[in-house]
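Structure record follows, encoded as structure tokens.
Bear in mind that the values in this text are calculations on the coordinates, not laboratory data. All values derive from a computational prediction rather than experimental measurement. Cβ sites come from the backbone with ideal geometry, for glycine too, and all protein chains shown count toward neighbours.
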Amino acid sequence: MSDLTVNDPSAVEEVRVLFERYEQALIDKDIDVLDDTFWNSPHTIRLSRDEHGYGFDEIHAHRVARTPGPGTKERRIRLDILTLGKDFAVVNLIYKVRGQDATGRQSQTWTKFPEDGWKVVSAHVSTFEESS
């Protein structure tokens with residue numbers, strides 16, 4: 001990777017659109033969009049509060065078992081998208097967890113593949129309990 005231009009506007013916008021598409025697909029339980037967002041590889045990882053998905057097939061199985069609905073995100077606190085060049089991005093979302101005194105954290109690493117376009121290659125979701 002020779003071009004490491006930080007936050008090229010076109011790359012940021014491409015990733016933002018795909019991130020928002022993914023977020024809506026979580027609410028709608030649109031398995032096709034959820035699957036399309038992630039790299040179809042045994043190397044893809046998605047770690048969450050109550051599941052560990054190692055490889056695309058495990059991630060897909062968790063998606064199929066998940067119930068549809070608004071999920072755990074009550075409201076967004078902060079969304080950051082960092083792109084390096086036109087083929088690599090990291091997205092971090094901080095959000096208020098629905099019905100809890102907790103903050104949710106979501107990170108995604110995106111890579112743009114020549115044949116498949118932007119795909120999430122690694123993702124992590126966790127919560128941070130607020131201390132009094």
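Here are some notes:
- With Cα atoms, 0 to 90° folded angle of helix 9-28 axis to the chain main axis: 30 degrees
- Distance (nanometres) between label positions extended 7 Å along Cα→Cβ at ILE27 and SER10: 3.0 nm
- Reach of LYS96 by Cα under 22 Å, taken over lysines that are not fewer than 8 positions away in the same chain: LYS29, LYS73
- Relative contact order [Cα under 8 Å, 6+ residues apart], the chain, whole percent: 25 percent
- Principal-axis analysis of the Cα atoms of the chain puts helix 56-65 at an angle of about 30° to the longest axis.
- Between HIS52 and ASP80, the simple label model (points 7 Å from Cα in the Cβ direction) yields a spacing of 2.7 nm.
- Using only side-chain charges placed at the Cβ, +1 for Lys and Arg and -1 for Asp and Glu, the dipole size of segment 9-129 relative to its Cα centre rounds to 460 debye.
- Fraction in percent of alpha-carbon pairs per bin - 5 Å, the chain: 2, 10, 19, 24, 21, 14, 7, 3, 1, 0
- Helix-only CD estimate at 222 nm, as mean residue ellipticity for the chain, using -39500 (n - 2.57) per DSSP H run (n ≥ 4): -9000 deg cm²/dmol
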